[in-house]
Amino acid sequence: MPATPLPQVLQPKMSPDLVRSCLGTKSPGAYADYIGFILTLNEGVKGKKLTFEYKVSEAIEKLVTLLNTLDRWIDETPPVDQPSRFGNKAYRTWYAKLDEEAENLVATVVPTHLAAAVPEVAVYLKESVGNSTRIDYGTGHEAAFAAFLCCLCKIGVLRVDDQIAIVFKVFDRYLEVMRKLQKTYRMEPAGSQGVWGLDDFQFLPFIWGSSQLIDHPYLEPRHFVDEKAVNENHKDYMFLECILFITEMKTGPFAEHSNQLWNISAVPSWSKVNQGLIRMYKAECLEKFPVIQHFKFGSLLPIHPVTSC
């Protein structure tokens, strides 16, 4: 995306409490803004259940309505009969509708006086649901949705007191819609590392979900491979929701189909799990060219050329 300057009123106005630079990094631009956003939300949901009472603003409600629309379009676009088991071509029909309507959808969330930002923000929404050519979905697409939310924070649509709702209300609903897409159209994992990857499709809910579980009175990392513990607590914790989805989609021993997660279950505390996942996310997603080569940069999440020493 070309970095066309936005009008002065739309220049990024960083909230130090919601979108702050990554602790310990001197990297300017999109990386610092994006990882700072992820870490701020990580801290905001620490020790809180999904059922925790939090403020739901008008902007949050509008985002949920937007996601509900995407969900409804899935129902209106059933899979087609085709010889190939994976990558149902009906997904392309569904995606074409989003491609056509994305700016209109974003315009329902963004106030009129910020309308100049709509085309740029809408790009991240379109990037967040998978690739219509390959009919696949992965952590790069998930990152685009986080960037979409980050941009809404930078222009002031989402605010400091929305941070819990961003994760528990909006991102959790996004996960539901993405899982429905994956199941309905049998989407391929994008860039999956197979059994050696954390998960075929997601990463952020494991980070924020492990933060939710920090200092839990009885649930320890070893419990997430316990079917009974997952069934009894998944409605409260995003991490356990992810584990439940994996066990619904995959067969066989957990240690075989999700080896990385199985190894994580041996970590002694949720705080160590959380810290390790953040390091892994930076190394395996944000710093890997196959993932980040598709990331879009613009006025709100800029990239700066490296200057020679």
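The values are calculated or read from the model by the stated rules, or taken from the named source; none is laboratory data. Note that this is a predicted model, so its numbers are computed, not measured. A quick note on method: Cβ atoms are made from the backbone with ideal geometry, for glycine too, and the neighbour counts reach across all protein chains shown. All accessible areas refer to the heavy atoms of the entire protein, side chains included, with ligands and DNA or RNA removed. Shrake-Rupley method; radii C 1.70, N 1.55, O 1.52, S 1.80 Å.
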* Test Val273 against the criterion of being open to solvent by 30 Å² or more (accessible area, probe 1.4 Å) and within 26 Å of Glu43 (Cα to Cα), and give yes or no. => no
Counting only residues that are at pLDDT below 80 and among the small types (Gly, Ala, Ser), the range 267-309 contains a total of 1
So the helices (runs of 4 or more DSSP H) completely within the range 174-259 holding 3 or more residues that are open to solvent by less than 10 Å² (accessible area, probe 1.4 Å) are 204-212, 238-249
Of the conditions (1) part of a helix (DSSP H, G or I); (2) among the aromatic types (Phe, Trp, Tyr); (3) farther than 23 Å from Asp172 by Cα, the single one that Phe148 does not satisfy is (3)
- Kindly establish whether Val225 is within 20 Å of Gly36 (Cβ to Cβ), among the β-branched types (Val, Ile, Thr) and touching a residue at least 40 places away in the same chain (Cβ under 8 Å). no
Reported set for the range 155-167 where residues are part of a helix (DSSP H, G or I) and either β-branched (Val, Ile, Thr) or open to solvent by 10 Å² or more (accessible area, probe 1.4 Å) (or both) is Val160, Asp161, Gln163, Ile164, Ile166, Val167
